[in-house]
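Have a look at the structure below, then the notes.
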Amino acid sequence: MASYSEIISSMRTVFRAGKTKTYQWRKQQLNSILRCLDENRDQLSEALNKDLRKSKMESLVFEIDYCKNDAVEALNNLEEWMKPEKVKKGLMNMMDKAYIKREPFGVSLVIGAWNYPVQLTILPLIGAVAAGNCVIIKPSEISPATATVLEQILPKYLDNDCIKVINGGVPETTALLAERFDFIFYTGSTPVGKIVMQAASKYLTPVCLELGGKSPVYVDRNCDLSAVANRILWGKTCNSGQICIAPDYVMCQKEVQDELVTKLKDAIALFYPDGVEKSSDYCRIVSERHFQRIKKLVDNSKNVAIRGPVDEKDKFMGPTVVTDVTPDDITMQEEIFGPVLPIMPVRDANAAVDFINNREKPLAMYVFTNNKETVDNFTNNTSSGSLCINDVLMQAGLSSLPFGGVGSSGTGNYHGKFTFETFSHRRSVLQKELKMESVNSLRYPPFTEKKLNIISWLSTKKLKRAGLGTFLPYFVFGTIIAVVLKAVGLEKIVSYFK
Ligand code: NAD
């Protein structure tokens, strides 16, 4: 097999020859991705079941069909997305062309994580291809069955000169990161995100980092706690809580906590009537290491209000709720990434806002409330990658919303058109004619007071004023100027003043 640098160098040659830049190539690859997902849906579902015991529903809704939807959106809009974007021009440039051209970066690297091993590699691939990049995909080694299937199926459908799957663990990722890429898209933990960013800094390679962190939930008084419990439990049990935007911990007042625990017990009985251990809808923890990490959180917690059943051999742990948690507790130190829900009593919404603001900015934030003031309080006084009111996870299902973190939860975003934007460089283009030199000579020395006055008149921006009455004279004046300029020509007017 060729070395990584040989693979990248041959991809770069193909990229420079312009193969991936055409609309036809991009469309063909997107159609092939769709076909690949369709024709291999059973194989992918089986692999997801093997790695994480994902149910058919979770495999389709969160992985395979989720990716298909993004590919369809890209195919439906690609021509429009690729069009140069005309921009506003001032008087100085009214005869010129000015636009933004979306260009592919070149050879991109996509490093995926294990929890959604199809979605987290295929969604970036869709955007990378739509934007006209060559791509190397490095699926996570922690979901080996899915990584193997991706390595087997993708080359059968895609242009192998431009798109490659490379499997491996930390040594392989480290070796890839030592190479020069034109863009790096990484999904995974915040500590490894720092390693990726450091590697990228060697060549000042632009990055998109989709990281994690603790995503808080605030539950207000006077909510329908049955509905709240259903929604939080759903978010905490999808993929057994192994989701980057899973509700990590809950803050609420003490009396809300006690009722919420009762409602969570009801919700568990509702979701898993024959017991969670018998349910084929409930995933397993991905690895022994992660299982032991999550188990340690429960073993070292004082108030386990709901103790989910555990089967170590099967890496299985049922939904578990820990109450009366304090900021020093083990469950509040790091992202949980498992089916354990700590509840931390707080005085009120302001105390929750302060608590959030004293920590790293979360990837997602959830607020359950009927009160507009509480919504405004969290919306205006906190920061996070996303904010969802009265539900969890659902913001990620809307491809018209950018998905990504802020600060330590990530940089950059994707989904739908945003993935195309992320993998595109927005190049500014100003196209002038080699004419009207007398107008252009205004900016050349020797400088005179007259030249300065004309340049200032042509280029100084005016503050916008509210109200039609104030705006109208400017509009009329501007229109007259534009008509005169068009009719007489800027060149003549300027030479008249010189
Ligand atoms: P992981 O272990 O699968 O690692 C992700 C990738 O990083 C893998 O391809 C792996 O090979 C590579 N990697 C791991 N260690 C490395 C090292 N030392 N040097 C170089 N490369 C290395 O996944 P993970 O990090 O355990 O994923 C879980 C984390 O990812 C959680 O924090 C979660 O919140 C976050 N996550 C974020 C998103 C998002 O979209 N923001 C999605 C999924 C997961």
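The values are calculated or read from the model by the stated rules, or taken from the named source; none is laboratory data. A quick note: this is a predicted structure, and the numbers were derived from the prediction, not measured. All Cβ positions, even for glycine, are placed from backbone atoms using ideal geometry, and neighbour counts span all protein chains on display. Just so you know, the surface numbers come from the protein's heavy atoms only, side chains and all, with ligands and any DNA or RNA stripped out. Shrake-Rupley method; radii C 1.70, N 1.55, O 1.52, S 1.80 Å.
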Against the conditions (1) polar (S, T, N, Q); (2) more than 16 Å from the ligand (Cβ to nearest atom); (3) free of Cβ contacts under 8 Å to residues at least 24 places away in the same chain, where does SER301 fall short? Just the number, please. (3)
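Does ASP96 meet the test of being of a type in the set (Asp, Glu) and closer than 30 Å to ILE481 by Cβ? Show your work before the answer.
On the way: of a type in the set (Asp, Glu): yes; closer than 30 Å to ILE481 by Cβ: yes.
Considered against the rule, which asks whether it is of a type in the set (Asp, Glu) and closer than 30 Å to ILE481 by Cβ, ASP96 comes out as yes.
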When region 139-155 is checked residue by residue, the ones that are open to solvent by less than 20 Å² (accessible area, probe 1.4 Å) and within 13 Å of the ligand (Cβ to nearest atom) are PRO139, SER140, SER143, THR146, ALA147, LEU150
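Against the definition (open to solvent by 10 Å² or more (accessible area, probe 1.4 Å), outside the structural domain of ARG180 (by TED's automatic domain parsing) and either without any contact (Cβ under 8 Å) to a residue 12 or more places away in the chain or closer than 18 Å to ALA113 by Cα (or both)), how does ASP220 come out, yes or no? Before the answer, list the steps.
Numbers: open to solvent by 10 Å² or more (accessible area, probe 1.4 Å): yes; outside the structural domain of ARG180 (by TED's automatic domain parsing): yes; either without any contact (Cβ under 8 Å) to a residue 12 or more places away in the chain or closer than 18 Å to ALA113 by Cα (or both): no.
It is false that ASP220 is open to solvent by 10 Å² or more (accessible area, probe 1.4 Å), outside the structural domain of ARG180 (by TED's automatic domain parsing) and either without any contact (Cβ under 8 Å) to a residue 12 or more places away in the chain or closer than 18 Å to ALA113 by Cα (or both).
Kindly indicate which of ARG293, ARG284, ARG307, ARG289 is within 18 Å of SER143 (Cα to Cα), touching a strand residue (DSSP E or B) at 6+ places or on another chain (Cβ under 8 Å) and not aromatic (Phe, Trp, Tyr). Steps first, please.
Values: ARG293 fails: touching a strand residue (DSSP E or B) at 6+ places or on another chain (Cβ under 8 Å); ARG307 fails: within 18 Å of SER143 (Cα to Cα); ARG289 fails: touching a strand residue (DSSP E or B) at 6+ places or on another chain (Cβ under 8 Å).
It is ARG284.
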Collect the residues in region 33-68 that are more than 12 Å from TYR116 (Cα to Cα) and open to solvent by less than 10 Å² (accessible area, probe 1.4 Å), keeping them in residue-number order. ILE33, CYS36, LEU37
Residue under evaluation LEU341, criteria (1) within 30 Å of GLU288 (Cβ to Cβ); (2) open to solvent by 30 Å² or more (accessible area, probe 1.4 Å); (3) not polar (S, T, N, Q), criterion not met: (2)
Testing THR379 on (1) away from the ligand (no atom under 13 Å from the Cβ); (2) in contact (Cβ under 8 Å) with a residue 12 or more places away in the chain, one condition comes back false. Which one is that? (2)
Check whether at least one residue in region 78-91 is touching a residue at least 24 places away in the same chain (Cβ under 8 Å), within 30 Å of VAL61 (Cβ to Cβ) and under 20 Å from the mean Cα position of the chain (by Cα), and report yes or no. yes
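Counting only residues that are assigned to a loop (DSSP other than H, G, I, E, B) and under 20 Å from ARG12 (Cα atoms), which one in region 95-138 is farthest from the ligand (Cβ to nearest atom)? Before the answer, list the steps.
Start the filter on region 95-138 by keeping residues that are assigned to a loop (DSSP other than H, G, I, E, B), which leaves 95-96, 105-106, 112-118, 131-133.
Cutting the leftovers down to under 20 Å from ARG12 (Cα atoms) gives us 105-106, 131-133.
On the way: PHE105: 20, GLY106: 21, ALA131: 19, GLY132: 23, ASN133: 19 Å.
In this case the residue turns out to be GLY132.
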Meets criteria (more than 30 Å from PHE355 (Cα to Cα), more than 16 Å from the ligand (Cβ to nearest atom), buried (at least 19 other Cβ atoms within 10 Å of the Cβ) and assigned by TED's automatic domain parsing to the domain that holds ASN40) for ILE163: yes
Determine if region 168-191 includes at least one residue that is open to solvent by 20 Å² or more (accessible area, probe 1.4 Å), more than 10 Å from the ligand (Cβ to nearest atom) and of a type in the set (S, T, N, Q). no
If we scan region 80-92, do we find a residue that is acidic (Asp, Glu) and open to solvent by 50 Å² or more (accessible area, probe 1.4 Å)? yes
Out of region 419-437, which residues are of a type in the set (D, E, K, R) and more than 14 Å from PHE403 (Cβ to Cβ)? ARG426, ARG427, LYS432, GLU433, LYS435, GLU437
